[in-house]
C-alpha cells in the first residue's frame with residue numbers, strides 16, 4: 001500500500017468516511033474482542049446491582065440474559081446493515097434521518113452517553129480509593145471520594161497526552177482483568193456466604209407488582225445495551241461482512257454485559273446495602289489484604305476503561321466543526337470538562353442516580369434506533385445516497401431544510417415522550433403498559449412509526465430527503481417532465497417523459 | 001471545519017497567498033471523500049449484507065429466546 005493510500009485510509013477512519021470492503025480487515029474474532037472489551041467494565045457490577053432491587057437470583061438471571069438479547073435486536077437492525085454496507089460510523093449513519101446538520105444530535109448523544117459512563121467509572125475509582133483507605137484503618141473524610149475521582153480524570157488526561165494511536169489495544173486486557181475480577185468476586189461471595197443464601201435472597205426493593213419487577217429487570221439491560229449504539233458503527237465499519245459481524249456483536253456486546261452483570265447482581269442480593277458495587281463489600285468479604293488488592297485491580301481496570309472512553313468521546317467531538325480545530329489535548333480536556341465538577345463535588349449524589357442515567361440511555365437511543373430501522377428498511381429500500389451523507393449544499397440529498405429534518409426530530413421527541421410516559425426516570429414509577437412491554441420497546445416502535453407516517457405525509461410531497469422513489473408514479477413522471485430537457489418542437493417525447501401523460 | 005466546508009473554501013479562497021498549502025490539502029481531502037462516495041456505491045466494494053437466514057436467526061436469538069427465558073422465569 002502506498003503512502004498516499006495509507007494516508008487516505010487514515011483520513012477515512014478518523015473522519016467517518018466510507019471504507020470499501022477491500023480496506024476492512026477485521027475478522028469476526030477482532031470484532032468480538034473489541035465488542036466484549038467495550039461492554040465489559042466495572043459498570044457491569046452496578047448494572048447487575050440495579051436488577052437486584054427488583055428480582056431474586058433465579059428470575060433475575062433469566063431477566064438479565066433476556067434484556068441483553070432484546071437490546072441487541074434494535075442495535076443490530078439499526079446499525080449493522082447500514083454501517084456494514086457503507087463502512088460508515090454511527091453518527092454519519094443518522095444523516096439520512098436527521099439531516100446533514102441535524103445529525104449533530106447523535107454526536108451530542110454519543111458525547112452524553114460516553115461522558116456518563118466515564119463519570120460513573122471516575123466515581124468508582126474514588127469510592128475504591130475510599131475503601132482502600134478504610135482497609136488500612138484510616139477513616140477518610142467525605143471529600144476523598146470526589147478528590148480521588150478528580151485525580152483519576154487527571155491521570156486519564158495524562159495517559160492521553162501522547163495522542164490516540166497508542167491506546168487502541170487497551171480494551172482486551174481490561175476486559176480480561178474485569179472478567180477475572182468478576183469471577184473472583186463471585187467466588188468470594190459463594191465461599192463466604194454460601195449458594196443457599198444467594199438462592200434464597202429476596203429482591204432488595206421490589207415493586208408491589210410481580211410484572212413490574214420483571215419488566216424493570218429486563219428494561220435495565222435493554223437500556224444498558226441500547227447505549228452500545230454509540231460504539232457499534234465504529235466497530236462494524238472495520239469488518240468486510242455484516243454476516244461475520246452479527247454474532248460477535250450479539251455475544252460480545254449483548255451477552256458480554258449480561259454475563260458480566262451477574263456478579264454485581266448476586267452481590268446486590270446477598271449484600272443489599274452494596275447495590276452490587278464491589279468497592280462497598282470487597283474488604284468485608286475478602287479481608288483487608290485480598291480486599292485491598294482487588295480494589296487496586298478495580299482502579300486499574302477503571303483507569304484503562306476511562307482512557308478508552310475519553311478517547312472515544314474526543315474522537316466523537318472532533319466531528320463537530322469548531323472542535324476539529326482544537327489541539328488533541330484541548331479536545332480530551334473538553335471531553336471530560338463536566339466530569340471535573342460532577343465527580344469532584346457530587347460523586348455520591350450522582351452515583352445514587354445511576355438508574356436515571358440508565359433511563360436516559362433508553363430515552364435517547366431507543367427512538368434513534370426505531371427511526372433508523374423504519375427509514376432504512378421500510379422507506380429507503382436499504383439504499384443510501386453516499387454523496388448525500390456529506391453534501392451540505394442545497395443539492396444534497398439529506399439537506400432537508402437548512403440541514404435539518406423536522407420529521408426526524410418530531411419522531412425522536414415522540415419516542416422520548418412515550419418513554420417518559422411509561423417510566424419516570426427519576427422516581428422509577430411506571431404506567432401501564434410498562435409491565436408488559438417495558439419502556440424502550442414501545443419508544444422504539446412509536447418513533448419508527450411517527451417517522452414512517454411523517455415521511456409519507458410531509459417529506460415525500462415536499463420532495464425532501466431523497467424519497468423520490470416513494471412518490472406516486474404519475475407525480476414522479478410529471479416532476480421528471482418538469483426537470484427534463486425541453487423537447488424540440490415536433491420531436492418525439494424523450495425516454496424519461498413518456499407520452500402517455 | 002469539515003472536508004465539505006474545506007472544499008468550498010478551497011474553491012473560493014484557493015488563490016490567496018500564504019494559504020495555498022492548506023487549501024490544497026483541503027481540496028485533496030474533499031477529492032478523496034468524493035472518490036470514496038463514488039466507490040462505495042458500487043456493489044462489489046460494499047460490505048457483504050446480511051442474508052434472509054441471518055435475519056431469521058437474529059429474530060430467534062433476540063426475540064424468541066428472550067420470550068422463552070421470560071416465560072420460564074415466570075413459571076417459578
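What follows draws every value from the coordinates through simple rules; no lab data is involved. Just so it is clear, the model here is predicted, and its values are computed rather than measured. Glycine also receives a Cβ, built like all others from the backbone with ideal geometry; neighbour counts cover every protein chain displayed.
How crowded by other chains is A:235-247, given as the mean number of beta carbons from other chains within 10 Å of each beta carbon? If you can, show how the numbers build up before the last one.
Numbers: counts 0, 1, 1, 0, 2, 3, 4, 7, 7, 2, 3, 6, 4.
Counting Cβ atoms of other protein chains within 10 Å of each residue's Cβ and averaging gives 3.
Can you order the peptides A:304-317, A:411-424 by their average number of other Cβ atoms within 10 Å per residue, highest first?
Descending packing order for the listed peptides: A:304-317, A:411-424.
Order A:273-284, A:249-260 from most to least packed using the mean count of other Cβ atoms within 10 Å. Before the final figure, lay out each step's value.
On the way: A:273-284: 22.8, A:249-260: 25.3.
Highest to lowest by the protection proxy: A:249-260, A:273-284.
Mind sorting A:64, A:212 by how few other Cβ atoms lie within 10 Å of their own Cβ, fewest first?
Ascending number of Cβ neighbours within 10 Å: A:212, A:64.
Rounding to the nearest 10 and keeping the result within 0 to 90°, find how far the Cα-based axis of helix A:354-373 lies from the longest principal axis of chain A.
20 degrees
Only counting other Cβ atoms within 10 Å, I'd like A:31, A:342, A:110 sorted with the fewest neighbours first.
Exposure proxy ranking, most exposed first: A:342, A:31, A:110.
Can you sort A:244, A:85 from fewest to most other Cβ atoms within 10 Å of each residue's own Cβ?
A:244, A:85
Averaged over its residues, how many other protein chain Cβ atoms are within 10 Å of peptide A:61-71's Cβ atoms?
5
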